[in-house]
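The values are calculated or read from the model by the stated rules, or taken from the named source; none is laboratory data. Computed from a predicted structure; not experimentally measured. Glycine also receives a Cβ, built like all others from the backbone with ideal geometry; neighbour counts cover every protein chain displayed.
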Amino acid sequence: MHKLHLVLVEPRIPQNTGSIARTCAVTGAALHLVHPLGFRIDDAKLKRAGLDYWDKLEILHHESIDAFFAAYPSAAQQNAMFYFTAKTGRLYTEAVYPEETFLLFGREDLGLSDALLAAHPERCVRIPMRETLRCLNLSNSAAIAAYEVLRQHDFAGLTRDGRMAKSAWEPEEPRSFDISQI
């Protein structure tokens, strides 16, 4: 099965990290938090944003970006790491994501360091946006990126049925109608 890793390098806003944790929980992705963080891990805003999903995901802590890279040397060698930035022209949809993929995102206020991006220009990708605006919200970016990786792997391990989790509700049969009556 495909293994997805979302890596937050020095995140600053607890609500973003909580929302990304929820994305990780529902997709089966591992969440990596590279320290220092801009909040305490027991922050109420962090917990509230992640709702009741905290026990349903794998969270790994790394003391620094160097410690993170040291923990996954083969991923870097196998070109399994992708660096999300507004400072490149390569779109995230142009990348081909391997079976095990690491998606790295930088601080909300600074992004990933220029030195890190310059060391891996062929692995840098961006999400398109209007030229006049700085960036997309970190949690939105992580979700967009995660689902592109999952799409490329046919959403392996994820359910496709549309049933509600806690309800016996059954959808109605599709109805036909005459568009001219609208």
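So which residues in the stretch 54-110 are in contact with a Lys or Arg (Cβ under 7 Å, 6 or more places away or on another chain) and among the β-branched types (Val, Ile, Thr), if there are any at all?
THR85, THR88, listed by residue number.
Under 8 Å by Cβ, and 6 or more places apart or on different chains, what pairs join a residue from the stretch 124-143 that is on the phi < 0 side of the Ramachandran plot with one that is among the hydrophobic types (A, V, I, L, M, F, W, C) and at pLDDT below 90?
Listed pairs, sorted by first residue: ILE127/LEU136; MET129/CYS135; MET129/LEU136; SER141/CYS135.
Could you list, ordered by first residue, the pairs with Cβ atoms under 9 Å in which the first is in the stretch 54-73 and within 17 Å of LEU112 (Cβ to Cβ) and without any contact (Cβ under 8 Å) to a residue 60 or more places away in the chain and the second is outside any helix (DSSP H, G or I) and polar (S, T, N, Q), at least 6 apart or interchain?
ILE65/SER113
Could you run through the stretch 122-156 and say how many residues are outside any loop (DSSP other than H, G, I, E, B) and farther than 21 Å from LEU4 by Cα? Spell out the reasoning first.
In the first step, residues of the stretch 122-156 are kept if they are outside any loop (DSSP other than H, G, I, E, B); the result is 122-126, 138-152.
Next, from what is left, pick out any that are farther than 21 Å from LEU4 by Cα: none.
Of the residues in that region, 0 qualify.
Restrict the check to the stretch 81-96 and report whether at least one residue is exposed (fewer than 14 other Cβ atoms within 10 Å of the Cβ), within 18 Å of the chain's Cα centre (by Cα) and part of a strand (DSSP E or B).
yes
Within the stretch 1-57, can you find the residues that are assigned to a helix (DSSP H, G or I), out of contact with any helix residue (DSSP H, G or I) (no Cβ under 7 Å at 6 or more places or on another chain) and modelled with pLDDT of 90 or more?
Residues satisfying the conditions are CYS24, VAL26.
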